[in-house]
1. State log₁₀ I(q)/I(0) for the range 47-96 at q = 0.22, 0.30 Å⁻¹ as given by the Debye formula over alpha-carbon point scatterers of equal weight, solvent excluded.
2. Using 0.36 nm times the number of residues separating N446 and A427, minus their current alpha carbon distance, what extension gain do you get?
3. So what's the angle, to the nearest 10 degrees on a 0 to 90 scale, between helix 57-68 and the longest Cα principal axis of the chain?
4. Mind checking the range 373-432 for trypsin sites (Lys or Arg not before Pro) that DSSP puts in a loop (not H, G, I, E or B) and that have at most 14 other Cβ atoms within 10 Å?
5. By the gyration tensor of its Cα atoms, with a ≥ b ≥ c the square roots of the eigenvalues, what is the shape of the range 1-217: rounded for a/c under 1.5, prolate for a/b over b/c, or oblate?
6. Relative to the present Cα-Cα distance, how much length would full extension add between K372 and T486 at 0.36 nm per residue of separation?
7. In the range 63-171, which trypsin sites (Lys or Arg not before Pro) fall in coil by DSSP and have 10 or fewer other Cβ atoms within 10 Å?
8. Could you work out how much longer the chain between K140 and K509 gets when fully extended? Use 0.36 nm per residue separation minus the Cα distance between them, nm to one decimal.
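None of the figures in this text is laboratory data; all of them are computed from the coordinates on show. Quick caveat, the model's predicted, so the values are computed rather than measured. Cβ sites come from the backbone with ideal geometry, for glycine too, and all protein chains shown count toward neighbours.
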Amino acid sequence: MKKLALLMMGVAFVTIGLNAQVAVSPLAEGVKFLNYEKNKSALDFFKSAYDKNPADPETTFWYGQALLAQNYNGIPTPEYIQKAKALYQQALQAKGNDAWLLVGMAHIQSLEGADAALIKNNLELAITSSKIEKGRNKGKNNPEIINAIGRVYAELPIQIGDHHYAIDKLKELISSYDELTINPNLYLNLGINYLKLGGENGGEAVSAFTKAIDRDPKNAFAYYKIGKIYQSQNNKEILEENYSKATTIDPTIAPVYVSLYTYYASIDTAKARKNLDLFLQYADKDPAFDYLYADYLFQVAQYDASLAKAKGLEASIGITVYPRIAVLLAYNYDRKGDSVQARKYIEQYVSNSPTDKITNTDYDLAVKVMSKFPDTQNAIASILEKAIAADSSNKKNNLKLYKLGYEMYEKANMYAEELKWYSKYAALNGVKDEFYYFKTASIALNAKDGVTAAAAAKDYITAFPDKSRGYVFNIKAAALLDSANTLGLQLEALNLQSQFLLKDVAKNKQALIDNYAQMLMYYNETKGFDNAVLMCDKILELAPGDASMLKYREQFAKNAALMKAKNAGKPAPAAPAKSN
């Protein structure tokens, strides 16, 4: 279904100012077809225009763009890439290095993985050879050629092409011309290229699309693109506002209706069906749109019918050509309880599709299905990392994904990995409340990471000195770092906790006794007998008359005296009696 909501950017070469005369290109209708994703209509239009004027480089450029628009997932099929390539090569042989043809050929070179430096050299040649030759803008770059470059990069898949290059060229052109003469399509392509850089550039994209509307208030396509951005953020009010403006300006703008169908499909099937019908009314007729009906059947819980139609699409069109068939198959198999088939299809889709073609719900399904199988944690983590990288600025969604990750590893008792994922979650969240310190310290202890546990415990104590957990974690962390009890870390931690416990002796009496007993054992092992006597005294203050402790005190006192005499070089006193 991604075909129906892709970045099919057109660039009608018209000059539109707030108060300027509008000069409409004879090719504008075809470009509108591309904008509205009526790609078959666009191909028919530009094929007809080319047949009438095959020597015109601009018409040839657009005919090639219409060929490249024949796709089901935003990536032109090899068949049409070769057709467009042959078209541009033939025209270049006849016309030489014409700017329009160089830009078109750069599109082909990018799709075929040509050297980036070579592509940019050809584009720079196109820019240089097409500079304005007369008038007040003499010597400036040609807006139509820069716009064509912006369109090419806007059409390239997200992982292909230097979109920064396109942005720089578009901004440079815009800044060099009188604002009232700027073609609004320059702003459209600028916005799309910002989106290609990732979700964190959504604000820049909205700003660019808004500028397009400022230049042309009747620009339905710009409102649609703004609506798509807010749909990705699940902002119902603003997406509906912009989609409504788009359809008010032009009720035939089919991509709006399929976007609304997608939005409402899982929350309001009546509205979803209404928008689906409107989409089918205004879109080009295409057997692939059976996918939408199959998806609708799924949304209304007719899983057998939906699955049958999806399998039919898999056989007739194929997942390679229309990858989202795999998603629909996965959803249906999941609902029917066939986790093996559901995993097969959703894992295939999220592993092989470009990140800008995968939705948050796709990732959710992948995690849900794959979690049912053992030893899939690392594979799921890779999927989550891909989702996070795809929209790094979406804090709310990425917090959810990081949480899925650390909870998944916690259930699998993979605590070292859990700690990594929780640390990323906490860093993004930025909230250092008591739960943060508790969770970090407890995961680190489970992971046997004494350094991290000790740091978290000490920070816990600093932030919440009146809470007992920090002191407990500090003792456990010290035990990890000083398991042989030779560094004094456990003693330090026990002493710190004892200071806390002394704030309420009545409540903490037994805990204090236990602490002093552990400290006593440490002093005995390290022959710190004077301090061992002090620990006995502290215990006896809490438990007066404890016979065993009195005997221990007597023994430690004699041992202390013996140690002092030995250190002073005096004859040793009689050996102390052994403790019973």
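1. For the range 47-96, the Cα-only Debye profile gives -0.75, -1.12.
2. Values: separation 19, 0.36 × 19 = 6.84 nm, distance 2.01 nm.
Separation in residues times 0.36 nm, less the Cα-Cα distance, equals 4.8 nm.
3. Here the helix axis deviates by roughly 50 degrees.
4. Working: sites: K386, K395, K396, K400, K403, K411, K420, K424, K432; in loops: K432.
Sparse-neighbourhood loop trypsin sites (Lys or Arg not before Pro): K432.
5. Numbers: a/c = 1.29, a/b = 1.14, b/c = 1.13.
Since a/c stays below 1.5, the shape of the range 1-217 is classed as rounded.
6. Gain in length upon complete extension: 36.5 nm.
7. Values: sites: K83, K85, K95, K120, K131, K134, R136, K138, K140, R151, K169, K171; in loops: K131, K134, R136, K138, K140.
Loop-located and lightly packed - K134, R136, K138.
8. Numbers: separation 369, 0.36 × 369 = 132.84 nm, distance 8.54 nm.
Result for the pair: 124.3 nm of gain on full extension.
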